[in-house]
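In what follows, a structure is listed as structure tokens, so that the remarks can point back to it.
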Amino acid sequence: MPGRLNHRVSYPSAIRLLVVCLALSGSVHAGTAMAADSIEIAVDAARSGAKIDRNLFGQFAEHLGHGIYEGLWVGPDSPIPNTRGLRNDVVAALRELKVPNVRWPGGCFADEYHWRNGIGPLGERPATLNPNWGGVIEPNTFGTHEFMDFVDQIGSEAFISVNVGSGTPHEAADWLEYLTTAQPTALAKERAANGHPEPYRIPYLGIGNENWDCGGNMTPEYYLQQLKIFSRFVRNFNPAQQQDGRRMLKVAVGPGGDGPRWTEWTEVIMKAWQGRQWSWDMDALSLHHYTVVRWPPAYASVGFGETEYAQILKSTLEMDGIIRTHSAIMDKYDPKKQIALAVDEWGAWYARLPGSTEGFLVQQNSLRDAILAALNLNIFARHAERVRMANIAQMVNVLQAMIMTDKEKMVLTPTYHVFRMYVPFQDATFVPVTFDAGTYTHGDITLPRVDAIAARDADGVLWLALTNVDANRPVDIGVRLAGVTPTRASGETLTAAAVDSVNTVEAPTTVAPRPVTASVQGDQVMVTLAPKSVTVLSVR
Ligand code: AHR
């Protein structure tokens, strides 16, 4: 690489920590040379790591603000084009993402949800309240059948969270029987009468949500007792589904960050799991962590500058350390990594947009969020042996959304584009990469300048995801490949004029992927990354 320096770099403390952490995972080569404007990435395509589970690209749709109503569901009588009440534009856009699973109905909403309110003729469903999110009326017109139709229409799978906080094991067990049994029970007949004689497939089940807080303020020991009871009685009642190798995976509530409170939570659940008896089990432990910097959320989602860009990205990189903390505890009790860590709520949480309804969690989505999404997806991929599920919060109109709707119009966000660009990484095999990240400094914040992951798909195609965090400087990347002979490379890049560039109804493609020029020279792929950009390349 032109201008490459061959000396040890002295990192400021924050960056040194990060680079050492990443080096432990074998992904970054710390302390070697870097050049001001060029970085070399070594990829040994003959080596392979864990499968990057497609479930890392999961989504989360809660009854919150306009996440469901207006965002997904407009009702069959709406002038907005829809199929059985689900908006066609949103469904078509989500199909492109190959969403592997959708977590529903919450969130905090899940622990106040009573499923019977959401079945039966639309006009006869009771209006209830949504106390968590603005105290608004919940019409229950989007319920069990509408959700299952939705996951079917977008080509996804259901991740249902049952009500542990204010519900009973009986209520949750009945819901699963209603959904899954193939036998002619009263609940199966009711399901058939409501339009679906065939049993549904529920591959993922969440046992509660944040039961340490909005899910009932439980201690870890109290939740553990609930977990044992619910795990015992809330079954997939469909033996045919149990036998096809795709049994229903149960996700237990896990920690909400790091620090003693949260490590104790993981300790209690994992220790009990190790010593469990035959009659209860779990398959994953959840982790919730938002990029928020301070609580209540205060950062603006629009109209911010480079300082807030750097602060938010610094904060988001804490995800790596939090995963490491809980993975280490899980390794102690589960060295074979049977239990997955499911980061089933993550993303940026900013101050609500001025003029939006309190409790509706409406924020804009900028180029910063696209970079934030790529950095987190890269972290999950590096931890793919343990992290086998993740759900960004949330799918439409809420927090770090894929899509924002405005009546009959729809806008794809920068985060949507990253998820679309990363589709080839779903179920691909992680390929270790070695590089010196370099540094990007703004004020007193120093971050790794470049991030990269590589993976090989089922057809043998090598995929590279390259992020230039630096808000101002482009960087020339040389990817040196071993184990494959490249003949061509092509791909797309996502960037825009400013760190706070957004897409709007008036200007929907301000932040949109565009083709990028990459060349092959011998065993190297050469590409220039624009400042503040995410690039995905295929190498054949
Ligand atoms: O995603 C919004 C809320 O954040 C969820 O309902 C809750 O689980 C978390 O605290």
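The values are calculated or read from the model by the stated rules, or taken from the named source; none is laboratory data. These numbers come from a predicted model, not from an experiment. For neighbour counting, all protein chains shown are included, and Cβ atoms are generated from backbone atoms with ideal geometry for every residue, glycine included. Accessible surface areas use protein heavy atoms only, side chains included; no ligands, DNA or RNA. Shrake-Rupley method; radii C 1.70, N 1.55, O 1.52, S 1.80 Å.
Residue-wise test of (1) surrounded by fewer than 24 Cβ atoms within 10 Å (Cβ to Cβ); (2) at pLDDT 95 or above; (3) touching a Ser or Thr at 6+ places or on another chain (Cβ under 8 Å).
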| position | (1), (2), (3) |
| --- | --- |
| Arg386 | yes, yes, yes |
| Asn391 | no, yes, no |
| Leu399 | no, yes, no |
| Asp406 | yes, yes, no |
| Val418 | no, yes, no |
| Tyr422 | no, yes, no |
| Phe430 | yes, yes, yes |
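Take the conditions (1) open to solvent by 50 Å² or more (accessible area, probe 1.4 Å); (2) farther than 23 Å from Gln277 by Cβ; (3) of a type outside the set (A, V, I, L, M); Pro203 misses just one of them, which is (1). Residue pairs whose Cβ atoms lie under 7 Å apart, sitting 6 or more positions apart in sequence or on different chains, and linking a residue in the range 105-121 that is touching a residue at least 40 places away in the same chain (Cβ under 8 Å) and of a type in the set (Val, Ile, Thr) to a partner that is open to solvent by less than 20 Å² (accessible area, probe 1.4 Å) and more than 16 Å from the ligand (Cβ to nearest atom), are Ile119/Gly143; Ile119/Thr144. For the range 377-412, the set of residues classified as under 25 Å from Ile322 (Cβ atoms), touching a strand residue (DSSP E or B) at 6+ places or on another chain (Cβ under 8 Å) and within 16 Å of the ligand (Cβ to nearest atom) consists of Met389, Ala390, Asn391, Ile392, Ala393, Gln394, Met395, Leu399, Gln400, Met402, listed by residue number.
Which strands (runs of 3 or more DSSP E) sit wholly inside the range 33-140 and have at least 1 residues that are closer than 23 Å to Leu287 by Cα? Give the derivation first.
Working: elements: 38-44, 58-60, 102-104, 128-130, 136-138.
Answer list for the range 33-140: 58-60, 102-104.
Scanning the range 290-316 for residues that are open to solvent by 30 Å² or more (accessible area, probe 1.4 Å) and touching a helix residue (DSSP H, G or I) at 6+ places or on another chain (Cβ under 6 Å) returns a single hit, Val293.
How many residues does the range 176-200 hold that are surrounded by 15 or more Cβ atoms within 10 Å (Cβ to Cβ) and either within 16 Å of the ligand (Cβ to nearest atom) or polar (S, T, N, Q) (or both)? Residues in the range 176-200 being surrounded by 15 or more Cβ atoms within 10 Å (Cβ to Cβ) and either within 16 Å of the ligand (Cβ to nearest atom) or polar (S, T, N, Q) (or both): 3 in total.
Considering the range 223-282, and only residues there that are hydrophobic (A, V, I, L, M, F, W, C) and touching an Asp or Glu at 6+ places or on another chain (Cβ under 8 Å), the residue that is nearest to Glu318 (Cα to Cα) turns out to be Val253. Among the residues making up the range 447-462, a single one is in a strand (DSSP E or B) and open to solvent by 20 Å² or more (accessible area, probe 1.4 Å): Arg456. Taking the range 185-275 and the helices (runs of 4 or more DSSP H) fully enclosed by it, the elements with 2 or more residues that are modelled with pLDDT of 95 or more are at 186-193, 220-233, 260-274. Filtered by the rule that a residue be aromatic (Phe, Trp, Tyr) and outside any strand (DSSP E or B), the range 276-291 gives Trp278, Trp280. Only one entry of Val251, Val234 meets the criterion of being touching a residue at least 60 places away in the same chain (Cβ under 8 Å), surrounded by 21 or more Cβ atoms within 10 Å (Cβ to Cβ) and more than 25 Å from the chain's Cα centre (by Cα), and that entry is Val234.
A count restricted to the range 323-350 and to residues that are closer than 18 Å to Ala393 by Cβ and either away from the ligand (no atom under 16 Å from the Cβ) or open to solvent by 30 Å² or more (accessible area, probe 1.4 Å) (or both) stands at 3. Taking residues in the range 307-322 that are farther than 15 Å from Arg382 by Cβ and modelled with pLDDT of 95 or more, and partners anywhere that are part of a helix (DSSP H, G or I) and open to solvent by 10 Å² or more (accessible area, probe 1.4 Å), the pairs with Cβ atoms closer than 9 Å and at least 6 places apart or on different chains are Lys314/Ala14. For the range 206-228, filtered to residues that are crowded, with 17+ Cβ neighbours inside 10 Å, more than 25 Å from the chain's Cα centre (by Cα) and of a type outside the set (D, E, K, R), the residue that is nearest to the ligand (Cβ to nearest atom) is Met218.
Give the residues of the range 363-376 that are farther than 20 Å from Asp320 by Cα and either open to solvent by 30 Å² or more (accessible area, probe 1.4 Å) or of a type outside the set (A, V, I, L, M, F, W, C) (or both), sorted by residue number.
From the range 363-376, those farther than 20 Å from Asp320 by Cα are 363-367; that's our starting set.
Hits for the range 363-376 are Gln363, Gln364, Asn365, Ser366.
Checked against the criterion of being at pLDDT below 95 and open to solvent by 10 Å² or more (accessible area, probe 1.4 Å), the candidates Ala530, Ala482, Ala518, Ala489 yield just one match: Ala482.
Regarding Leu481, is this residue in a strand (DSSP E or B), of a type in the set (A, V, I, L, M, F, W, C) and either free of Cβ contacts under 8 Å to residues at least 24 places away in the same chain or farther than 27 Å from Trp346 by Cα (or both)? I'd like the intermediate steps shown before the answer.
Values: in a strand (DSSP E or B): yes; of a type in the set (A, V, I, L, M, F, W, C): yes; either free of Cβ contacts under 8 Å to residues at least 24 places away in the same chain or farther than 27 Å from Trp346 by Cα (or both): yes.
Yes, satisfied.
Residue-by-condition table, conditions (1) within 15 Å of the ligand (Cβ to nearest atom); (2) in contact with a Leu (Cβ under 6 Å, 6 or more places away or on another chain); (3) modelled with pLDDT of 95 or more:
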site	(1), (2), (3)
Cys108	yes, no, yes
Arg116	no, no, yes
Ile119	no, no, yes
Leu122	no, no, yes
Thr128	no, no, yes
Asn132	yes, no, yes
Thr141	no, yes, yes
Glu146	no, no, yes
Phe150	no, yes, yes
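Does Val91 count as within 16 Å of the ligand (Cβ to nearest atom) and either closer than 25 Å to Phe57 by Cα or surrounded by fewer than 19 Cβ atoms within 10 Å (Cβ to Cβ) (or both)? So Val91 does not fit the description; no. Quick check: is even one residue across the range 302-321 under 29 Å from Arg247 (Cα atoms) and within 22 Å of the chain's Cα centre (by Cα)? Checking the range 302-321: not a single residue is under 29 Å from Arg247 (Cα atoms) and within 22 Å of the chain's Cα centre (by Cα).
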